[in-house]
1. In degrees between 0 and 90, to the nearest 10, how far off the longest principal axis of chain B does helix B:414-424 point, with axes built from Cα atoms?
2. Net charge near B:Ser370: determine it from the other residues with C-beta under 11 Å of the C-beta of B:Ser370, scoring Lys and Arg +1 and Asp and Glu -1.
3. Enter the angle in degrees (range 0 to 90, nearest 10) between the Cα long axis of helix B:429-443 and the first principal axis of the Cα atoms of chain B, meaning the one along which they spread out most.
4. Add -39500 (n - 2.57) for each DSSP H run of 4 or more in the protein assembly as shown, then divide by its residues: what number comes out at 222 nm, to the nearest 500 deg cm²/dmol?
5. Just rank B:His64, B:His233, fewest to most, by other beta-carbon atoms within 10 angstrom.
6. Within 10 Å of each Cβ of B:151-158, how many other protein chain Cβ atoms are there on average?
7. Could you please report the charge total around B:Ser138, scoring K, R as +1 and D, E as -1 over all other residues with beta-carbon less than 12 angstrom from its beta-carbon?
8. When a footprinting reagent is the concern and you count Cβ atoms within 10 Å, what order do B:Lys181, B:Lys354 take, fewest first?
Amino acid sequence: MTTHEEKMRTARFKVDDKPHIVVDAGICKDCAVRACVYVCPANLFVPLDDGGILFNYEQCFECGTCYIACNQEGAIQWSYPTGGFGVTYRES
Amino acid sequence: MMTSNATQDTEHFDVIVIGAGPAGNAAALITARAGLKVLLLERGEYPGAKNVSGGVFYGSRILHELIPNWWEQAPVERYICRRDIALMSATTAVSLDFRSTATGYADPPYNGFSVLRPKFDRWFAAQAEASGAFLLNSCVVDDVLRENGRVVGVKVRRELGEVRGNVVIACDGSNSFMAKKAGLQREFDGHEIALGVKEVLGLDEHLIRERFQLSGNEGMAFEYLGAITENVHGGGFLYTNRDSLSVGVIGQISSLVEHKKRPYELLEQFKAHPAVAPLVRGATLREYSAHTIPEMGWHMRPKLYADGMLVAGDAAAFCFNSGLYLEGMNYAMQSGLAAGETAIEACRQGDFSKGTLSRYEHYLKQRHVSEDFQRFRFAPPFVNGERLQNLYPDFVAHAAENLFRVDGNRKQKILPLAMKSVRRFRIRPHHLLRDFYHAARAYLW
Ligand SMILES: Cc1cc2nc3c(=O)[nH]c(=O)nc-3n(C[C@H](O)[C@H](O)[C@H](O)COP(=O)(O)OP(=O)(O)OC[C@H]3O[C@@H](n4cnc5c(N)ncnc54)[C@H](O)[C@@H]3O)c2cc1C
Ligand code: SF4
Ligand code: SF4
């Protein structure tokens, strides 16, 4: 058994200053599905008490799952981090 | 090394390949060998840095044709001569175990190898470089460059700006923004894409041999269907590497959402299943990773060419997922080679129009890429069906439990036992018939 935190510690992330994914909290407030919360393999979407979503791009795997799963037009602006930044795998 | 000015002002490439995965590396290698001026662009710090695969490279002999005895120099893990496909319920697994030393399985050129992509892709890209391709790492391509409706190069982020070339080959993987930007591909639906989460677990080499009954460098591949993903459409895998295991779960995105399942929790459940737990016991986590997989093959392929551009590999949905097989690396390579052959011919003719590049279809057919996908086009929707994903594995596991249970009660013959299970699982005869037809159409003829 490994916890999610233990898993996340194994990949290397070189964090770009500029976020490559921007989530529009305003749109998320009206979202009932919250697909991103379940599907993100890095668990980067956290639902807030006020109905919003907290998102942190720093430990992102750049897999694209969130924007495919999100059903609200315009909620997620998605691109790749600048070359050389972001996740780096050594084993997978 | 190129300077940015040189690139912008004077450098013009015959071929620009986006992405140094198996598709891009193959395309770069073959075009560079033909003497063309080739640029290979990769957004990772090195080729493979961003890449995840379950890890069995089947049909690996295509590489043998390019680089004879490649496995002697490449970072391969084990050759796969044992396979096991298991149908699971929460408590039980029923499996088909295949093991062979027939020609080509346990001797050169082998049927398949387990590989770790950050190592393998890096090696493969170095072969393309050795053939004369320019590899530029840490470089994101943001768009294709268009003039008069034709693709004439790419836009890369930061200092380089624009790079021009006669043929752009998009090998940028399952989320191919390039195919979309060029207007060749549409947005995907959550039922067409699966998410794979994976762990590489370190385990002593001797222990691997003992535990999986392997000698020397033999390796094995397990695939699992059924309860491990609960109601989520997908499956699990476990592959042996030299001194580690690749263990992962694949789940269709729409069904992860529908059932509100977190992929990494499914992975933990999978590792705890009674059929899997003893195999991963004592292994230590080395790396966790995630990546998407285009699952619908033929149904989601893009337009494969435009004026000045070709699409190959996962970007063209050439990833074969049909329950019995999950093969993407070999098709990525084959389609990369086919795209390369097309580019070579176009350069020879000095014509990069859609008409000339349509030769791609011919080369894809010659390499059995489009043929395989067309022939098995009914398989992905079939294996992703509700009953095949959840009901039948559970049913088979339950029926086997009854068959093997010896509890002092009188023994029953197989048919009444099976009928009991059919009733319990409320399997409808007309569903069975229909599924049998779909299975036959998907696999038999
Ligand atoms: C969990 C999982 C298990 C799998 N199991 C198997 C298996 O056992 N066997 C098998 O054969 N296949 C398997 N596959 C499928 C296989 O991994 C893919 O089909 C294969 O990697 C596709 O190769 P590709 O070259 O087309 O794309 P990729 O390998 O994805 O390569 C794309 C490359 O392009 C780069 N790139 C992307 N966008 C840009 C950009 N804008 N600018 C610059 N560079 C860019 C990426 O960094 C990457 O290096 C699996 C996939 C997953 C996710
Ligand atoms: S990102 Fe999309 S799925 Fe997630 S909460 Fe916002 S709108 Fe909903
Ligand atoms: S791209 Fe993948 S890892 Fe990154 S936030 Fe989206 S779902 Fe999570």
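Rule-based calculations on the coordinates, nothing more; no lab input. Keep in mind that this is a model prediction, so the values were computed, not measured. Backbone-built Cβ (ideal geometry, glycine too); neighbour counts: all protein chains shown.
1. The two axes meet at around 70 degrees.
2. That works out to +2.
3. Value to nearest ten degrees: 40.
4. Rounded to the nearest 500, the figure is -9000 deg cm²/dmol.
5. Taking fewest neighbouring Cβ atoms as first place, the list is B:His64, B:His233.
6. Mean shielding count: 1.
7. Neighbour charge sum, excluding B:Ser138 itself: +1.
8. Ranked by crowding around the Cβ, least crowded first: B:Lys354, B:Lys181.
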